[in-house]
Amino acid sequence: MIRINLLPPQERRPMWPVKSMVMGLGMLIFLVCIGLYGYNQYRIWNWERQIAAVRNQMELLRPTESRMITARNKQQRMNAKNQILIALTKERRPWYAALARLGSLLPPEVWLTGLSATEKNGIQVNGLAGNYTEVASFLKRLEQDEHFSEPLLIKADQNAAAAITKFEINLKLKGM
(Lines give C-alpha, C1' and ligand atoms only; values in the text may rest on other atoms or scores of the structure.)
Protein backbone atom coordinates (compact mmCIF):
# COMPACT_ATOMS: atom_id res chain seq x y z
CA MET A 1 0.00 0.00 0.00
CA ILE A 2 1.19 3.40 -0.91
CA ARG A 3 0.52 6.39 1.31
CA ILE A 4 0.17 9.79 -0.07
CA ASN A 5 0.38 12.83 2.16
CA LEU A 6 -1.15 15.96 0.62
CA LEU A 7 -0.61 18.20 3.66
CA PRO A 8 1.81 21.07 3.35
CA PRO A 9 5.34 20.08 4.48
CA GLN A 10 5.18 22.06 7.74
CA GLU A 11 2.03 20.21 8.82
CA ARG A 12 3.08 16.76 7.77
CA ARG A 13 4.09 14.22 10.37
CA PRO A 14 7.82 13.66 10.48
CA MET A 15 9.20 10.35 9.39
CA TRP A 16 10.96 9.82 12.67
CA PRO A 17 8.99 10.65 15.79
CA VAL A 18 11.79 12.68 17.44
CA LYS A 19 9.68 14.05 20.31
CA SER A 20 8.46 10.63 21.38
CA MET A 21 11.95 9.19 20.97
CA VAL A 22 13.44 11.93 23.15
CA MET A 23 10.65 11.45 25.66
CA GLY A 24 11.20 7.65 25.72
CA LEU A 25 14.97 8.08 26.04
CA GLY A 26 14.46 10.61 28.86
CA MET A 27 12.14 8.19 30.67
CA LEU A 28 14.64 5.36 30.20
CA ILE A 29 17.49 7.50 31.63
CA PHE A 30 15.23 8.57 34.49
CA LEU A 31 14.36 4.93 35.31
CA VAL A 32 18.03 3.90 35.14
CA CYS A 33 18.97 6.76 37.50
CA ILE A 34 16.20 5.77 39.91
CA GLY A 35 17.36 2.13 39.75
CA LEU A 36 20.99 3.10 40.43
CA TYR A 37 19.88 5.38 43.26
CA GLY A 38 17.80 2.57 44.80
CA TYR A 39 20.63 0.06 44.41
CA ASN A 40 23.15 2.42 46.05
CA GLN A 41 20.70 3.17 48.87
CA TYR A 42 20.31 -0.57 49.45
CA ARG A 43 24.09 -1.03 49.55
CA ILE A 44 24.48 1.89 51.99
CA TRP A 45 21.71 0.48 54.20
CA ASN A 46 23.35 -2.96 54.13
CA TRP A 47 26.78 -1.48 55.05
CA GLU A 48 25.27 0.53 57.88
CA ARG A 49 23.61 -2.61 59.18
CA GLN A 50 26.93 -4.48 59.05
CA ILE A 51 28.70 -1.58 60.78
CA ALA A 52 26.05 -1.60 63.52
CA ALA A 53 26.51 -5.37 63.96
CA VAL A 54 30.30 -4.95 64.21
CA ARG A 55 29.89 -2.10 66.74
CA ASN A 56 27.58 -4.29 68.82
CA GLN A 57 30.13 -7.10 68.68
CA MET A 58 32.89 -4.69 69.72
CA GLU A 59 30.80 -3.51 72.68
CA LEU A 60 30.31 -7.12 73.73
CA LEU A 61 34.06 -7.78 73.45
CA ARG A 62 35.16 -4.59 75.25
CA PRO A 63 35.33 -6.26 78.73
CA THR A 64 37.38 -9.08 77.26
CA GLU A 65 39.68 -6.57 75.60
CA SER A 66 40.21 -4.71 78.87
CA ARG A 67 41.01 -8.00 80.63
CA MET A 68 43.45 -8.87 77.83
CA ILE A 69 45.19 -5.50 78.18
CA THR A 70 45.41 -5.97 81.95
CA ALA A 71 46.77 -9.49 81.49
CA ARG A 72 49.30 -8.27 78.90
CA ASN A 73 50.50 -5.55 81.28
CA LYS A 74 50.84 -8.08 84.11
CA GLN A 75 52.71 -10.44 81.79
CA GLN A 76 55.10 -7.66 80.80
CA ARG A 77 55.75 -6.84 84.46
CA MET A 78 56.33 -10.53 85.22
CA ASN A 79 58.71 -10.85 82.26
CA ALA A 80 60.65 -7.80 83.46
CA LYS A 81 60.90 -9.30 86.96
CA ASN A 82 61.95 -12.65 85.50
CA GLN A 83 64.66 -10.96 83.44
CA ILE A 84 65.97 -9.25 86.57
CA LEU A 85 65.85 -12.57 88.44
CA ILE A 86 67.68 -14.36 85.62
CA ALA A 87 70.34 -11.66 85.57
CA LEU A 88 70.78 -11.93 89.34
CA THR A 89 70.88 -15.72 89.17
CA LYS A 90 73.56 -15.67 86.49
CA GLU A 91 75.71 -13.39 88.62
CA ARG A 92 75.25 -15.50 91.72
CA ARG A 93 77.21 -18.67 92.27
CA PRO A 94 75.52 -21.75 93.75
CA TRP A 95 77.80 -21.97 96.75
CA TYR A 96 75.43 -23.90 98.99
CA ALA A 97 75.24 -26.88 96.64
CA ALA A 98 79.00 -26.81 96.11
CA LEU A 99 79.72 -26.70 99.85
CA ALA A 100 77.24 -29.47 100.61
CA ARG A 101 78.85 -31.62 97.92
CA LEU A 102 82.33 -30.80 99.23
CA GLY A 103 81.24 -31.83 102.75
CA SER A 104 79.97 -35.18 101.47
CA LEU A 105 83.35 -35.91 99.87
CA LEU A 106 85.39 -35.37 103.06
CA PRO A 107 87.03 -38.47 104.52
CA PRO A 108 86.58 -38.96 108.29
CA GLU A 109 90.13 -37.83 109.14
CA VAL A 110 89.98 -34.56 107.16
CA TRP A 111 88.71 -31.26 108.62
CA LEU A 112 88.20 -28.03 106.75
CA THR A 113 89.48 -24.84 108.40
CA GLY A 114 88.78 -22.35 105.65
CA LEU A 115 87.04 -21.85 102.34
CA SER A 116 87.38 -18.87 100.04
CA ALA A 117 86.33 -18.01 96.52
CA THR A 118 88.98 -17.43 93.89
CA GLU A 119 88.70 -15.93 90.45
CA LYS A 120 87.01 -17.81 87.62
CA ASN A 121 84.64 -19.98 89.69
CA GLY A 122 87.31 -21.45 91.89
CA ILE A 123 87.41 -22.41 95.54
CA GLN A 124 90.43 -22.43 97.82
CA VAL A 125 90.09 -25.10 100.52
CA ASN A 126 92.25 -25.00 103.66
CA GLY A 127 92.15 -27.85 106.14
CA LEU A 128 93.78 -30.35 108.43
CA ALA A 129 94.26 -34.08 107.98
CA GLY A 130 95.67 -36.91 110.01
CA ASN A 131 98.33 -37.75 107.38
CA TYR A 132 99.23 -37.42 103.69
CA THR A 133 97.19 -40.45 102.67
CA GLU A 134 93.99 -38.80 103.90
CA VAL A 135 94.80 -35.69 101.85
CA ALA A 136 95.53 -37.92 98.83
CA SER A 137 92.22 -39.77 99.25
CA PHE A 138 90.39 -36.41 99.48
CA LEU A 139 92.10 -35.24 96.26
CA LYS A 140 91.18 -38.50 94.54
CA ARG A 141 87.51 -38.08 95.51
CA LEU A 142 87.57 -34.52 94.22
CA GLU A 143 89.03 -35.66 90.88
CA GLN A 144 86.34 -38.32 90.47
CA ASP A 145 83.47 -36.00 91.41
CA GLU A 146 81.27 -34.61 88.66
CA HIS A 147 80.79 -31.19 90.30
CA PHE A 148 84.43 -30.21 90.71
CA SER A 149 87.30 -30.03 88.25
CA GLU A 150 91.02 -29.40 88.33
CA PRO A 151 91.74 -30.07 92.02
CA LEU A 152 95.29 -28.86 92.66
CA LEU A 153 97.22 -29.39 95.88
CA ILE A 154 99.01 -26.09 96.53
CA LYS A 155 100.65 -26.89 99.83
CA ALA A 156 100.73 -29.70 102.38
CA ASP A 157 102.83 -29.32 105.58
CA GLN A 158 103.06 -32.05 108.15
CA ASN A 159 103.49 -31.02 111.77
CA ALA A 160 105.27 -33.92 113.45
CA ALA A 161 104.67 -32.62 116.98
CA ALA A 162 100.89 -32.40 116.58
CA ALA A 163 100.65 -35.35 114.12
CA ILE A 164 98.54 -33.34 111.66
CA THR A 165 98.97 -32.20 108.08
CA LYS A 166 97.91 -28.73 106.99
CA PHE A 167 96.88 -28.53 103.34
CA GLU A 168 95.67 -26.03 100.77
CA ILE A 169 93.77 -27.10 97.64
CA ASN A 170 92.45 -25.05 94.73
CA LEU A 171 89.62 -26.46 92.65
CA LYS A 172 87.03 -25.23 90.15
CA LEU A 173 83.31 -25.74 89.89
CA LYS A 174 82.05 -27.45 86.74
CA GLY A 175 79.20 -26.00 84.73
CA MET A 176 79.67 -22.38 85.68
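The values are calculated or read from the model by the stated rules, or taken from the named source; none is laboratory data. Because the structure is predicted, anything quoted here is derived from the model rather than measured. Cβ atoms come from the backbone with ideal geometry, glycine included; neighbour counts cover every protein chain shown.
Rundown of residues vs (1) exposed (fewer than 10 other Cβ atoms within 10 Å of the Cβ); (2) in contact (Cβ under 8 Å) with a residue 12 or more places away in the chain; (3) in contact with a Phe, Trp or Tyr (Cβ under 8 Å, 6 or more places away or on another chain); (4) more than 25 Å from LYS174 (Cα to Cα), yes/no style:
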{"site": "GLU48", "(1), (2), (3), (4)": "no, no, no, yes"}
{"site": "ASN56", "(1), (2), (3), (4)": "no, no, no, yes"}
{"site": "THR64", "(1), (2), (3), (4)": "yes, no, no, yes"}
{"site": "THR70", "(1), (2), (3), (4)": "no, no, no, yes"}
{"site": "MET78", "(1), (2), (3), (4)": "no, no, no, yes"}
{"site": "LEU85", "(1), (2), (3), (4)": "no, no, no, no"}
{"site": "LEU88", "(1), (2), (3), (4)": "yes, no, no, no"}
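The strands (runs of 3 or more DSSP E) falling completely within the range 66-176 that include 1 or more residues that are acidic (Asp, Glu) map to 148-159, 164-173.
Among the residues here, THR133 qualifies as surrounded by fewer than 16 Cβ atoms within 10 Å (Cβ to Cβ) and over 23 Å from TYR96 (Cβ atoms).
Within the range 103-130, if we keep just the residues that are among the charged types (D, E, K, R) and surrounded by fewer than 16 Cβ atoms within 10 Å (Cβ to Cβ), the residue that is modelled with the highest pLDDT turns out to be GLU119.
For (1) surrounded by fewer than 10 Cβ atoms within 10 Å (Cβ to Cβ); (2) free of Cβ contacts under 8 Å to residues at least 24 places away in the same chain; (3) touching a strand residue (DSSP E or B) at 6+ places or on another chain (Cβ under 9 Å); (4) basic (Lys, Arg), each residue gets a yes or a no:
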{"position": "LEU25", "(1), (2), (3), (4)": "no, yes, no, no"}
{"position": "CYS33", "(1), (2), (3), (4)": "no, yes, no, no"}
{"position": "ALA53", "(1), (2), (3), (4)": "no, yes, no, no"}
{"position": "GLU59", "(1), (2), (3), (4)": "yes, yes, no, no"}
{"position": "ARG67", "(1), (2), (3), (4)": "no, yes, no, yes"}
{"position": "ARG101", "(1), (2), (3), (4)": "no, no, yes, yes"}
